[in-house]
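Derivation of every value follows stated rules applied to the coordinates shown; laboratory data play no part. The model shown is predicted, which means the values in this text are computed figures rather than measured ones. So basically every Cβ, Gly included, is an ideal-geometry build from the backbone, and we count neighbours across all protein chains shown.
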Amino acid sequence: MKRDHLDDAIDHVATLLVRVEDNDGLSTRILASLPDRSPWAPHWWMPRLAITAALGIGVALGVLRTFDDGSTGVLRTENASAPFVEFHAAVERTTGEPAPIVRRTTVERPQNDRRTIEDFERSLVAIAPPAVLSLKSVSPSELPGQGALAVEPLAIADLPLTAEAISPR
Amino acid sequence: MNAADLALPMLVIRSGGPVNDPAAPSEPAVANPELVRLVALARTGDRAAFGQLLEDHLNAARRVALAAVGQAMDADEAVQDASLAAWTRLHALQDPAAFRGWFMRIVWRKAIDRRRSLRSWLDRFGVSSSDGRPMEYPAADPSPDALLISRELATAIGQVVKALPRRLRDPFLLAASGDHRYEDIAAMLGVPIGTVKWRISEARRLIRMKLDRLGHGDPR
């Protein structure tokens, strides 16, 4: 584009608009206002200390990972399929029969219970096995033609104790 | 000082081509070993080295700030803020050879912050101005190889430049300082180089159009 007198005038005035006079004291004033940047100034070494600490922690974690034998369940590359197996097992457990809920209650003896283990052992006499167990045989011909079928009560003659004879203790 | 207060009745400008061509930077872009050495020393807390860096770039930085705020005093305060920021963040500078562009970007941001705060202050107190206070006209420096322009034309150009939209005026004045290449200006403004070139061209077109309306058109 051909330049003319007006272009030159515009350039010159624009240059004047951003022209600055020398200010000898400005750089001195700026330097005097700068904070200390010595290696001992806190704002100087604290960021470096933080960065160094972070790097140290990262290196330590990396070194500790190399001693991992896998017993803690850390996922390794060769066991990459393990989570999928776990996932499928979890899905099957969820979609199948619900597992029975087993409630376990721990019973503790109260503090004021003065019974001892020996008391329990001596409170009952050992039950001897029955010597004779007599059962009356019934043939089909002896069954009643009508009415309900009744079975005579079982009698064990030599059983020394019954449930009512056991002490409440 | 306003455009109407220009001391000289006539301004004398050099003839023959643009006064400041951003495509021809005054400083080469290659790495300067002395600059790299000074930056390395300043990083260790050497105030003298940083002072030397400051001296080398001070006037360019003041021109950058002046392009944004328009007043020498505000520009100097912006440069002071930028110098403090550069001193404390010098460790973040990746390439010591890029100190100049890095420092100028800090100066520009500080100057823009100051311009925004000045404008908000003026708006709060009801001072009517198109863009804060009027731009300052430093004393002219007549050159011997002369092309004379009238004071009236200089005043008109100053007013038209001041009335430009900021997005056009900023790259235009940064280019007029003669300190920066297009890519430096683009980095400062955060826009592509093509946008910088277009805005400078558009600024010049608008200036010429308005001058023509004011009766200062130059028949080609």
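Average partner chain C-beta neighbours within 10 Å, per residue of B:70-79?
Across B:70-79, the average partner-chain Cβ count within 10 Å equals 2.
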Highest mean packing first, using Cβ neighbours within 10 angstrom, the peptides A:12-21, A:53-62, B:191-200 sort as A:12-21, B:191-200, A:53-62
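Looking only at other chains, what is the average number of their beta-carbon atoms within 10 angstrom of each beta-carbon in B:151-162?
Across the residues of B:151-162, the mean count of other-chain Cβ atoms within 10 Å is 3.
Give the average, rounded to an integer, of partner chain Cβ atoms located within 10 angstrom of each Cβ in A:25-36. Intermediate results must be reported in sequence, preceding the final value.
Details: counts 1, 11, 11, 3, 3, 12, 8, 1, 5, 11, 3, 2.
That works out to 6 on average.
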